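Participant: Attaching a single structure in structure tokens format; questions to follow.
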Amino acid sequence: MSINLVAVALYAINIWLRLQSGTNTGTPLVLSVIGVCMLAVSGWLGGKMVHEAGIGVDIAPR
């Protein structure tokens, strides 16, 4: 959850910088790359929790 919250904050800063400067290079581009990488790591960790540790999976017999 922490990684996702930081990624959202980076994207908010990214949008603000793009609106202020009107450019898509430099710092906004770097923030976009970092945000995408953080979301990829977060997704990988979430998948690992579900598929390997069985967190959030109901295995009760029916």
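Rule-based calculations on the coordinates, nothing more; no lab input. All of these numbers come straight from a predicted model, not from anything done at the bench. All Cβ positions, even for glycine, are placed from backbone atoms using ideal geometry, and neighbour counts span all protein chains on display.
Participant: Given the -39500 (n - 2.57) contribution per DSSP H run of 4+ residues, what per-residue ellipticity at 222 nm results for the chain, rounded to the nearest 500 deg cm²/dmol?
Facilitator: -25500 deg cm²/dmol
Participant: Could you tell me what a quarter of the Cα convex hull surface of the stretch 2-51 works out to, in nm² with one decimal place?
Facilitator: Details: hull surface 12.9 nm².
Seen from a random direction, the Cα hull of the stretch 2-51 projects 3.2 nm² on average.
Participant: Quick one: if you stick a label point 7 Å off each Cα along the C-beta vector at ASN4 and THR23, how many nm between them?
Facilitator: Distance between the two pseudo-spin positions: 3.4 nm.
Participant: Turning to a different aspect of this structure: Calculate how steeply helix 27-51 sits against the longest principal axis of the alpha-carbon atoms of the chain, using the helix alpha-carbon long axis, and give the answer as 0 to 90 degrees to the nearest 10.
Facilitator: That helix lies at roughly 0 degrees to the long axis.
Participant: Quick check: the angle from helix 2-21's long axis to the longest principal axis of the chain, C-alpha only, nearest 10 degrees?
Facilitator: On a 0 to 90 degree scale, this one is about 20.
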